[in-house]
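Just below is one structure, and these are the notes that go with it.
The values are calculated or read from the model by the stated rules, or taken from the named source; none is laboratory data. Predicted model, so just to flag it, every value in this text is computed and none were measured. Ideal geometry is used to build each Cβ from the backbone, glycine not excepted, and the neighbour counts take in all protein chains shown. Heavy atoms of the whole protein, side chains included, go into the accessibility calculation; ligands, DNA and RNA do not. Shrake-Rupley method; radii C 1.70, N 1.55, O 1.52, S 1.80 Å.
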Amino acid sequence: MTVLPRRTIVADANVLINLMHVNRLNLCSYLPDCTFVVPDHVRDEITDKVQRAALDDAVTRRIFHIEVIKTIDTISLFAELTTYVGRGEAACLALSVERNWIIASDEKRRFRREAENRIGSGRIIGTRDLYVLAIQAGLITVEEADADKERLEQLRFKMDFKSFQDLVIK
């Protein structure tokens, strides 16, 4: 039997908050071969008390692990990145560069360009990609994902497709 390596995904606040809005943080614990970490800087960005409690509960239940930047090289890269992106995004990117991790972020513009330049577009996923993985793993249905998509769009998080059915490989 071949054991596949686990993918470590470093989660940015925007993806976490999207999942919180639809009560889907638990999905991260069931995605096959995935381990999720949240930089302490991202945790600090989640200031809404209900959302912070949800994240802290998910950490307690080991859905997420809080990660602290420790090495000199990563601290240096983090400091450089904070001059043009937020602290949470900078922490995600610095850790991803150092440890060859995947980033889960829906950020665009400067962050996206920096991430693509430093780690490549293949190591950047977003909320929609997590849903596709969950559908493919049989954790949720297309209909459930589409209902969440509709709710997120009511909260002004737009996705550029009609249905998750359009994204799921048959």
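Quick one: Kirkwood hydrodynamic radius for region 50-121, alpha-carbon pairs, angstrom, one decimal? It would help to have the intermediate numbers written out before the result.
On the way: mean 1/r = 0.0764 Å⁻¹.
Hydrodynamic radius (Kirkwood, Cα pairs) of region 50-121 is 13.1 Å.
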- Could you state the angle between the C-alpha long axis of helix 109-119 and the longest principal axis of the C-alpha atoms of the chain, as a value from 0 to 90 degrees rounded to the nearest 10? 80
- What trypsin sites (Lys or Arg not before Pro) in region 1-96 are in a loop by DSSP, with at most 14 other Cβ atoms within 10 Å of the Cβ? ARG6, ARG61, ARG62, LYS70
- Message: Please report the carbon-and-sulfur percent of the accessible area for region 1-152; probe 1.4 Å, protein heavy atoms only, DNA, RNA and ligands left out.
- Response: 49
- Specify the angular offset, from 0 to 90 degrees and rounded to the nearest 10, of the alpha carbon long axis of helix 72-81 from the longest principal axis of the alpha carbons in the chain. 70
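Once you have the Kirkwood Rh of the chain from its Cα pairs, apply Stokes-Einstein at 4 °C and 1.567 mPa s and quote D in µm²/s.
Working: Rh = 16.4 Å.
Here the translational diffusion coefficient equals 79 µm²/s.
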- How large is the helix-only mean residue ellipticity at 222 nm for the chain, computed as the sum of -39500 (n - 2.57) over DSSP H runs with n ≥ 4, divided by its residue count, in deg cm²/dmol to the nearest 500? -15000 deg cm²/dmol
- Message: Given N residues in region 77-166, what is its alpha carbon radius of gyration divided by 2.2 N^0.38 Å?
- Response: 1.23
- Item | Environment charge of TYR84, counting only residues whose C-beta is closer than 15 Å and scoring Lys/Arg +1, Asp/Glu -1 | +2
- Message: In Å and on Cα atoms, what radius of gyration and Dmax does region 119-170 show?
- Response: 11.4, 33
- Per residue, how much accessible area does region 22-100 have with a 1.4 Å probe, in Å²? 52
- Note on the structure: Reduced to Cα centres, the span from region 1-67 to region 70-86 in Å works out to 22
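Suppose every Lys and Arg Cβ carries +1 and every Asp and Glu Cβ carries -1, with no other charges. What dipole size does the chain come out with about its Cα centre, to the nearest 20 debye? It would help to have the intermediate numbers written out before the result.
Values: 25 positive and 26 negative charges, 29 e Å.
The calculated dipole for the chain is roughly 140 debye.
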- GNM top mover of ILE17, ILE124, ILE140 - the chain, alpha-carbon springs below 10 Å: ILE140
- Task: Could you check which residue among THR127, THR35, THR47 shows the biggest mean-square fluctuation in a GNM of the chain with a 10 Å Cα cutoff?
- Result: THR47
- So which chymotrypsin sites (Phe, Trp or Tyr not before Pro) in region 75-170 end up in coil per DSSP with only 14 or fewer other C-beta atoms within 10 Å? TYR84, PHE161
- So, with points 7 Å from each Cα along the Cβ direction, the HIS65-PHE161 label distance in nm works out to 3.0
